[in-house]
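Enquirer: Before I ask anything, let me first share the structure, which is written out below as structure tokens.
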Amino acid sequence: MNPQGLTSAQAAERLAAEGPNRLPSAERRGTVAIAAEVVREPMLLLLVAAAGLYLAVGDLHEALVLAASILVVVAITVLQERKAERALDALRDLASPRALVVRDGEATRIAGAQVVRGDLLILGEGDRVPADAHLAPGAEVTLDESLLTGESLAVAKRAGDAVFSGTLVVKGQARAQVFATGLKSELGRIGVSLAALESGKTALELETARIVKVVALFAVALSAAMALAHFLLRGDWIASLLSGLTLAMAILPEEFPVVLTVFLALGAWRISRRGVLTRRMPAIETLGAATVLCVDKTGTLTENRMRVLDTPQSVVDAAALACELDPHDPMDRAIVEAAGPSIIELRKQSKLERAYPLTDRFLAVCHAWRSPQGGLRVAIKGAPETVLPLCANPGDMRTVEEAAGSGMRLLAVAEAAWDSAPLEDPAGYPFRFAGFIQLADPLRASVPGAVAQCREAGIRVVMITGDFPGTALRIAADAGIEVAGGALTGNDIAAMDEAALAGAVRRVNVFARVRPEQKLRLVQAYRAAGEVVAMTGDGVNDAPALKAAHIGVAMGRRGTDVAREAAHLVLLEDDFGSIVDTVQLGRRIYDNIRNAMRYIISVHVPTAGMSFLPLALGGPLFLFPVHVVFLEFVIDPACTLVYEAEKTDAQVMRRPPRNPREPLFNLHMLAVSLALGATMLVAVLAVYVWALRSGYAEGETRAMAFAAIVCANIALLFVTRSRERPVLGMLREPNPALWWIAAGAFGALLASIYLAPVAAIFRFAPIAPAELAAAALAGVLGVAWYEARKLLRRRRSG
């Protein structure tokens with residue numbers, strides 16, 4: 001077993017020859033499967049029925065037009081769905097388990113899919129084993145193999161034993177050489193596929209599905225009534241059925257599910273570009289409602305770049321003996337680096353006979369080394385409250401408090417000489433206090449600004465750390481976190497009942513010396529207080545708190561696989577600024593979904609109204625299925641492309657979080673949307689009635705009214721891009737999809753009126769440019785009041 005691992009060239013060659021370390025996923029849908037689902041949608045079935053009716057009465061031309069429209073609608077929908085699928089596939093690849101391997105003699109973190117046969121793995125507590133491997137000499141770990149065997153009891157493994165892909169390291173550290181990957185692994189032979197991203201139905205999707213069902217039932221009833229009324233008033237059962245189908249197509253909001261699928265998938269993809277992976281889709285909805293961000297200090301608020309300060313070399317050397325053999329923790333790395341090559345040589349010459357790991361009850365690391373001369377040298381470093389009571393000559397805790405007050409971290413270091421076999425309990429060694437090792441971890445430069453942004457957005461930032469209260473308060477104050485309530489320690493939390501803790505979390509923003517399991521109590525206390533909680537975590541014991549939080553955020557660089565699997569989001573860079581950016585993106589996504597839904601509701605009102613009002617008024621029918629299809633070609637890409645691409649509103653982080661219990665389709669949103677639709681309907685109907693009373697022919701009347709409805713639709717796109725910003729102020733903001741769709745819709749309108757073969761399909765007759773301009777102006781005026789409303793609200797708010 002080569003301790004240098006594979007070279008990069010060897011790894012690349014084996015990856016190309018043997019394929020990625022990945023199991024086949026059953027979640028991906030192909031183009032054919034998506035198309036099969038699309039053709040079962042109600043809108044497509046209505047189009048097929050209309051085409052069938054035209055074919056039944058011998059109108060082959062109309063039937064072919066609708067058949068072509070069906071193909072185009074299917075193609076557009078499939079493209080949108082595939083775009084969403086590709087975004088989710090990319091997230092699955094990014095969110096797959098990682099692996100720490102030795103390549104070219106250096107420890108390197110890679111995606112689990114890139115592990116190849118022969119790779120030297122470095123396994124630690126909380127890691128998923130990425131491939132089948134044999135443990136290296138000296139290894140001793142405990143694994144949870146329940147995923148593979150169903151056995152709940154952990155299994156001890158030693159050097160030479162096989163460890164299998166998908167199992168979990170629950171204790172110990174080890175190196176292991178890979179002998180099987182992918183389908184050749186034990187997990188692959190069993191045929192189990194692990195899902196890296198859970199994308200179940202979200203609350204928005206469930207709410208939208210209910211709305212669509214209600215509207216669909218209403219559409220069926222109304223269209224049946226329309227068909228019956230048409231037959232009773234005018235006869236002609238074919239025309240009656242077509243009028244009923246047209247009304248059903250006009251009412252049915254089939255865009256709702258498409259909007260959510262595309263927005264949530266592309267939203268997750270956009271968030272991933274900021275270095276944050278989405279593992280559970282509901283997190284995207286919940287982000288904009290977060291009221292409390294509970295964050296760790298080390299690596300999130302600070303740079304996680306420890307350096308040793310003002311410590312005697314003898315103390316540093318002793319502390320280095322109590323560091324892991326392959327240090328990944330920034331603190332251990334800083335200590336070993338400060339100790340220099342002499343201590344590394346000493347560790348090579350000695351034999352590590354016993355390691356006592358850090359636990360929740362023993363906040364220290366102790367190593368017993370057998371020297372070449374035969375004696376045992378025992379070194380311990382850790383929390384002063386753990387180490388000092390073990391020493392015959394304990395140090396002064398006032399030194400710790402003074403250092404903590406200046407933002408430093410102090411570890412107590414002690415040594416003992418022992419001539420017998422290692423003890424089971426390290427407390428039995430005759431330790432002598434060696435001194436304190438002082439470390440500093442600077443605050444990230446971006447943190448104060450990000451905390452201020454959270455405060456402006458109505459989000460409370462809470463620090464939860466295992467460090468001393470003095471250190472925590474100093475770092476919190478430097479970061480801009482409110483510290484007037486002081487710091488609450490883990491011991492304080494343990495002594496409190498639930499009622500006392502509920503009161504404490506309302507006033508305290510800094511929690512110090514907190515054990516991982518106490519994070520769960522804090523999350524529950526905040527939830528009980530009605531807060532929407534985002535919680536960060538990185539260790540195995542953080543998983544319950546991450547699951548309990550509304551938004552669990554796992555640290556990507558230092559986080560264990562268990563924490564990543566329990567979390568809703570995973571940070572690729574353990575930076576507080578990334579969390580704030582994600583909250584901002586979450587608010588943007590929700591705002592854009594709401595704007596798109598407002599547009600969809602509004603645009604269906606004039607289409608539905610003009611499907612039956614001409615019949616009620618005794619005039620010629622205005623809309624036929626081909627007209628509704630034309631409008632759908634505008635609505636479908638508009639609601640998914642234009643609104644999804646909208647940039648973040650400048651005010652999005654200057655308003656309080658939304659109420660998570662507030663439905664998307666609340667009364668105010670529905671009222672405004674229906675009011676917009678109603679004024680559009682009035683404008684289009686006014687054009688229709690005026691044209692009829694002015695003596696225009698049926699084709700000219702239809703052309704003018706249709707021009708009004710298309711121009712109202714285009715104007716609606718512009719005014720509903722934002723609830724706050726005026727159109728003129730947004731024209732400078734690039735949104736290419738908006739201009740392409742607006743130009744395309746208007747160009748298609750001109751072609752349908754002035755190109756004779758196309759006009760014949762739409763039953764249009766050419767109109768004069770002045771008449772077209774008047775119809776267009778009427779459509780724009782139908783939505784102008786919404787823009788005036790925004791300007792008035794801005795003036796009132798100053």
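The values are calculated or read from the model by the stated rules, or taken from the named source; none is laboratory data. Bear in mind that the values here come from a model prediction, so they are computed numbers and not experimental data. Cβ coordinates were reconstructed from backbone atoms using ideal geometry, including for glycine residues, and neighbour counts include every protein chain displayed. SASA here: full protein model, heavy atoms, side chains in, ligands and nucleic acids out. Shrake-Rupley method; radii C 1.70, N 1.55, O 1.52, S 1.80 Å.
Enquirer: List every residue pair whose Cβ atoms lie under 7 Å apart, where the two residues are 6 or more positions apart in sequence or sit on different chains, the first residue falls within region 1-18 and is touching a residue at least 24 places away in the same chain (Cβ under 8 Å) and under 14 Å from residue 115 (Cβ atoms), and the second residue, located anywhere, is open to solvent by 70 Å² or more (accessible area, probe 1.4 Å) and part of a loop (DSSP other than H, G, I, E, B).
Expert: Taking only residues 6 or more apart or on different chains, the pairs are 8/104; 14/117; 18/117.
Enquirer: Take the conditions surrounded by fewer than 16 Cβ atoms within 10 Å (Cβ to Cβ) and at pLDDT 85 or above and apply them to residue 342. Does it pass?
Expert: Criteria met by residue 342.
Enquirer: Let me ask something additional. So how many residues does region 485-521 have that are under 17 Å from residue 459 (Cα atoms) and of a type in the set (A, V, I, L, M, F, W, C)?
Expert: Within region 485-521, residues that are under 17 Å from residue 459 (Cα atoms) and of a type in the set (A, V, I, L, M, F, W, C) number 3.
Enquirer: When you scan region 454-464, how many residues do you find that are part of a helix (DSSP H, G or I) and either at positive phi or basic (Lys, Arg) (or both)?
Expert: Residues meeting the conditions: 1.
Enquirer: Continuing with this model, one more query. Quick one: which residue in 742, 784, 775 is farther than 30 Å from residue 655 by Cβ and either touching a helix residue (DSSP H, G or I) at 6+ places or on another chain (Cβ under 9 Å) or open to solvent by 60 Å² or more (accessible area, probe 1.4 Å) (or both)?
Expert: None of the others qualify; the one that does is 775.
Per-residue answers, yes or no, for (1) at pLDDT 90 or above; (2) β-branched (Val, Ile, Thr):
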{"residue": "465", "(1), (2)": "no, yes"}
{"residue": "469", "(1), (2)": "no, no"}
{"residue": "474", "(1), (2)": "no, no"}
{"residue": "479", "(1), (2)": "yes, no"}
{"residue": "482", "(1), (2)": "yes, no"}
{"residue": "485", "(1), (2)": "no, no"}
{"residue": "497", "(1), (2)": "yes, no"}
{"residue": "503", "(1), (2)": "yes, no"}
{"residue": "513", "(1), (2)": "no, no"}
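Enquirer: Of the residues that sit in region 524-543 and are within 22 Å of residue 566 (Cβ to Cβ) and free of Cβ contacts under 8 Å to residues at least 24 places away in the same chain, which one is surrounded by the fewest Cβ atoms within 10 Å (Cβ to Cβ)?
Expert: 527
Enquirer: Go through region 499-523 and give me each residue that's under 26 Å from residue 362 (Cα atoms) and open to solvent by 30 Å² or more (accessible area, probe 1.4 Å).
Expert: Hits for region 499-523 are 513, 515, 516, 517, 520, 521.
Enquirer: Looking at this structure, is residue 675 buried (at least 23 other Cβ atoms within 10 Å of the Cβ) and assigned to a helix (DSSP H, G or I)? Full working, then the answer.
Expert: Working: buried (at least 23 other Cβ atoms within 10 Å of the Cβ): no; assigned to a helix (DSSP H, G or I): yes.
Spelling it out, it is not the case that residue 675 is buried (at least 23 other Cβ atoms within 10 Å of the Cβ) and assigned to a helix (DSSP H, G or I).
Enquirer: Hey, another quick one. Considering only region 618-643, state which residues are open to solvent by 20 Å² or more (accessible area, probe 1.4 Å), more than 25 Å from residue 236 (Cβ to Cβ) and more than 25 Å from the chain's Cα centre (by Cα).
Expert: Across region 618-643, the qualifying residue is only 633.
Enquirer: Next question, about the same structure. Looking at region 284-308, which of its residues are of a type outside the set (Asp, Glu) and under 16 Å from residue 476 (Cβ atoms)?
Expert: Residues satisfying the conditions are 292, 293, 294, 295, 297, 298, 299, 300, 301, 302.
Enquirer: Another one. Could you please find all residues in region 272-302 being of a type outside the set (Lys, Arg), part of a helix (DSSP H, G or I) and open to solvent by 10 Å² or more (accessible area, probe 1.4 Å)?
Expert: Passing the criteria: 272, 282, 285, 286, 298.
Enquirer: For region 650-671, enumerate the residues that are within 25 Å of residue 729 (Cβ to Cβ) and open to solvent by less than 20 Å² (accessible area, probe 1.4 Å).
Expert: If the condition is that a residue be within 25 Å of residue 729 (Cβ to Cβ) and open to solvent by less than 20 Å² (accessible area, probe 1.4 Å), then 652, 653, 669 are the ones that fit.
Enquirer: Let me ask you something else. Of the numbered conditions (1) outside any strand (DSSP E or B); (2) under 45 Å from the mean Cα position of the chain (by Cα); (3) in contact (Cβ under 8 Å) with a residue 40 or more places away in the chain, residue 366 fails exactly one; give the number of that condition.
Expert: Status for residue 366: all satisfied but (1).
Enquirer: Now a separate question. Here are the criteria: (1) open to solvent by less than 50 Å² (accessible area, probe 1.4 Å); (2) among the charged types (D, E, K, R); (3) farther than 23 Å from residue 586 by Cβ. Tell me which single one residue 646 does not satisfy.
Expert: Here residue 646 clears every test but (3).
Enquirer: Something else: Report, ordered by the first and then the second residue, all pairs with beta carbons closer than 9 Å, sequence separation of six or more or different chains, a first member in region 329-350 that is assigned to a helix (DSSP H, G or I), and a second member that is open to solvent by less than 20 Å² (accessible area, probe 1.4 Å) and aromatic (Phe, Trp, Tyr).
Expert: Within 9 Å, the pairs are 346/369; 347/369.
Enquirer: Could I ask something else about it? Give region 745-760 a look and list any residue that's in contact (Cβ under 8 Å) with a residue 60 or more places away in the chain and buried (at least 19 other Cβ atoms within 10 Å of the Cβ), or say none.
Expert: Across region 745-760, the qualifying residues are 745, 752.
Enquirer: Of all residues in region 371-401, which are at pLDDT 90 or above, over 13 Å from residue 417 (Cα atoms) and open to solvent by 20 Å² or more (accessible area, probe 1.4 Å)?
Expert: 386, 389, 390 - these are the residues of region 371-401 that are at pLDDT 90 or above, over 13 Å from residue 417 (Cα atoms) and open to solvent by 20 Å² or more (accessible area, probe 1.4 Å).
Enquirer: Given the conditions (1) farther than 17 Å from residue 316 by Cβ; (2) hydrophobic (A, V, I, L, M, F, W, C); (3) modelled with pLDDT under 85, and given that residue 355 satisfies all but one, which numbered condition is not satisfied?
Expert: With (1) farther than 17 Å from residue 316 by Cβ; (2) hydrophobic (A, V, I, L, M, F, W, C); (3) modelled with pLDDT under 85 applied to residue 355, the lone miss is (3).
Enquirer: Follow-up question, since we're still on this one. So how many residues does region 424-437 have that are within 45 Å of the chain's Cα centre (by Cα) and surrounded by fewer than 19 Cβ atoms within 10 Å (Cβ to Cβ)?
Expert: Count: 1.
Enquirer: Being at pLDDT 85 or above, in a helix (DSSP H, G or I), of a type in the set (A, V, I, L, M) and open to solvent by 10 Å² or more (accessible area, probe 1.4 Å) narrows it down to one residue among 562, 580, 605; which is it?
Expert: Matching residue, one of 562, 580, 605: 605.
Enquirer: Same structure, new question: Of everything in region 303-328, what is in a helix (DSSP H, G or I) and not charged (D, E, K, R)? Give them in sequence order.
Expert: Once the filter is applied, which keeps residues that are in a helix (DSSP H, G or I) and not charged (D, E, K, R), region 303-328 yields 313, 314, 315, 316, 318, 319, 320, 321.
Enquirer: Next question, about the same structure. Kindly evaluate residue 377 against the criterion of being within 30 Å of residue 470 (Cα to Cα) and more than 46 Å from the chain's Cα centre (by Cα).
Expert: Here the answer is no, as residue 377 does not meet what is asked.
To keep it simple, each residue is scored yes or no on (1) in a loop (DSSP other than H, G, I, E, B); (2) acidic (Asp, Glu).
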{"site": "413", "(1), (2)": "no, no"}
{"site": "416", "(1), (2)": "no, no"}
{"site": "422", "(1), (2)": "yes, no"}
{"site": "432", "(1), (2)": "no, no"}
{"site": "451", "(1), (2)": "no, no"}
{"site": "466", "(1), (2)": "yes, no"}
{"site": "473", "(1), (2)": "no, no"}
{"site": "477", "(1), (2)": "no, no"}
{"site": "492", "(1), (2)": "no, yes"}
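Enquirer: Okay, next question. Output yes when any residue across region 699-717 is open to solvent by 50 Å² or more (accessible area, probe 1.4 Å) and either among the small types (Gly, Ala, Ser) or farther than 17 Å from residue 753 by Cα (or both), and no when none is.
Expert: The answer is no, given that none of the residues of region 699-717 is open to solvent by 50 Å² or more (accessible area, probe 1.4 Å) and either among the small types (Gly, Ala, Ser) or farther than 17 Å from residue 753 by Cα (or both).
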